[in-house]
1. In debye, nearest 20, what is the charge dipole magnitude of the chain about its Cα centre with +1 on Lys and Arg Cβ and -1 on Asp and Glu Cβ, if you could check?
2. Using only the Cα atoms of the stretch 263-398, build the gyration tensor, take square roots of its eigenvalues as a ≥ b ≥ c, and label the shape rounded, prolate or oblate: rounded if a/c is under 1.5, else prolate if a/b is larger than b/c, else oblate.
3. Report the gain in length on full extension from residue 31 to residue 96: 0.36 nm times residue separation, minus Cα-Cα distance, nm rounded to one decimal.
4. Quick check: Cα centre of the stretch 124-138 to Cα centre of the stretch 157-219, how many Å?
5. Taking neighbour counts of Cβ atoms within 10 Å as a proxy for exposure, in what order, fewest first, do 237, 374 appear?
6. In a shell of Cβ-Cβ distance under 11 Å around residue 112, excluding residue 112 itself, what net charge do Lys and Arg (+1) and Asp and Glu (-1) give?
7. What is the sum of charges around residue 340, taking Lys and Arg as +1, Asp and Glu as -1, for the other residues whose C-beta is under 13 Å from the C-beta of residue 340?
8. Calculated from DSSP H runs of 4 or more alone, at -39500 (n - 2.57) each and per residue, what is the 222 nm mean residue ellipticity of the chain, nearest 500?
Amino acid sequence: MEIIVQKFGGTSVKDDAARKQALHHVQYAVDQGNKVIVVVSAIGRKGAPYATDSLLGLVHGDQSRLTNRELDMLVSVGETISTAVFTEMAREQGLNCIAMTGHDAGIVTNDEFQNAKILRVDPKPIQAAFDDADVVIVTGFQGATEDGHITTIGRGGSDTSAAILGAALHAKRVDIFTDVNGMMTADPRLVTHARFIEAISYEELANMAHEGAKVIHPRAVEIAEQAHVPMRIRSTYQAPDELGTLVTDRTTTKIEHYRTVTGIAHQTNLTQFTVPTDKLSSSQIFQLMAQHGLSVDFINITQHQVVFNLVNGDAVVAQKLLSAANVDNCQCISDCAKVSVVGAGITGTPGVTARIVTALSAQHIDILQSTDSYTTIWVLVKEADLKAAMNALHDEFLGIEK
């Protein structure tokens with residue numbers, strides 16, 4: 001028995017037309033002789049009545065008086081409704097299917113409500129369901145504690161649900177359906193020559209997802225990589241035989257070994273902090289941020305100062321904290337953007353940084369900060385320069401003739 005996992009996000013189940021399109025993919029997989037695990041997100045996005053943010057709005061969102069356990073009771077309803085509606089339509093179309101909550105499907109988590117960690121998955125409930133059914137439709141984003149309390153597993157949780165079920169059931173592959181045709185070399189809304197990526201490694205995709213590409217949650221990619229389960233990033237609105245972008249090990253795919261750069265990702269709405277360490281040490285500065293729940297990013301530490309970034313909303317809080325600690329000589333640059341040049345081929349390739357600097361300098365774009373790893377080089381620019389920077393770097397490394 002070969003199993004395929006298909007995950008459909010909020011836009012893929014937002015209405016009857018979208019759900020019918022999704023069901024074409026389910027039926028096609030069944031007709032190919034597969035058993036199918038379908039993982040669904042809540043219906044629609046913010047503003048839709050059963051979307052996660054809409055449900056949180058019923059209880060005043062961040063100002064809610066509910067405990068995290070009680071909030072999980074509320075927000076898990078979105079996926080439960082979506083699963084029931086999808087199952088009803090699947091049966092109307094003649095599919096032999098059964099619906100399950102995350103708990104029913106054997107997903108056991110810790111009790112860190114609102115952001116629970118998956119401890120294990122018992123494959124037996126789904127295996128038993130496949131004795132009688134061709135399709136098991138599972139609520140994404142949820143699991144349950146050992147005591148049976150419902151939990152949610154954080155933003156991007158439906159991707160994670162799909163990946164962990166694929167790993168536990170030794171799936172042939174995990175398909176992540178969305179409203180785009182697959183991975184692109186950059187955001188096509190910003191980059192003129194952005195193009196489709198036929199194949200990408202787990203590592204490259206995880207890096208691009210961490211750095212702002214929103215097609216899939218990086219946790220899901222990391223789970224699939226650990227289990228060596230291939231993935232596909234696909235469009236709900238394409239034909240079932242259009243397979244999108246393949247995600248797998250570099251050694252088992254036709255990814256060109258000579259491809260230096262795979263894509264250009266970006267994050268916006270950042271504020272850069274440059275904080276002297278004459279009054280607080282670097283460790284004290286970062287402890288102060290951590291104690292108040294502020295997640296710092298893009299860090300450079302020197303003998304006399306630390307440089308880091310926060311999202312614009314958190315920057316106001318950080319400025320007040322530093323001022324209260326009598327650190328009044330820090331410099332802040334708001335409305336910045338981080339541009340990430342990602343590619344497994346960067347490792348050991350000389351001259352990549354020089355090409356980045358040259359390409360940006362030619363467009364008179366100031367680099368406010370930079371750092372690198374084996375597979376990614378990051379630069380910070382003013383958000384006003386983002387589009388020009390993205391296009392300059394894309395043309396340099398991924399231009400039509402290159």
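1. Values: 32 positive and 46 negative charges, 75 e Å.
Dipole about the Cα centre, nearest 20: 360 debye.
2. Details: a/c = 2.33, a/b = 1.91, b/c = 1.22.
In terms of gyration-tensor shape, prolate.
3. Working: separation 65, 0.36 × 65 = 23.40 nm, distance 1.20 nm.
Value of the extension gain: 22.2 nm.
4. A separation of 26 Å, based on Cα centres.
5. Details: 237 18, 374 10.
In increasing order of surrounding Cβ atoms, one gets 374, 237.
6. Working: positive: 69, 117; negative: 72, 111.
Result for the neighbourhood of residue 112: 0.
7. On the way: positive: 338; negative: 187, 204, 211, 297, 372.
Within the 13 Å Cβ shell, the charges total -4.
8. Numbers: 11 runs with 131 residues, N = 402.
Rounded to the nearest 500, the figure is -10000 deg cm²/dmol.
Throughout, read-outs are computed from the coordinates displayed, never taken from laboratory work. These numbers come from a predicted model, not from an experiment. Methodologically, a virtual Cβ is constructed for each residue, glycine included, from the backbone with ideal geometry; neighbour enumeration extends over all protein chains shown.
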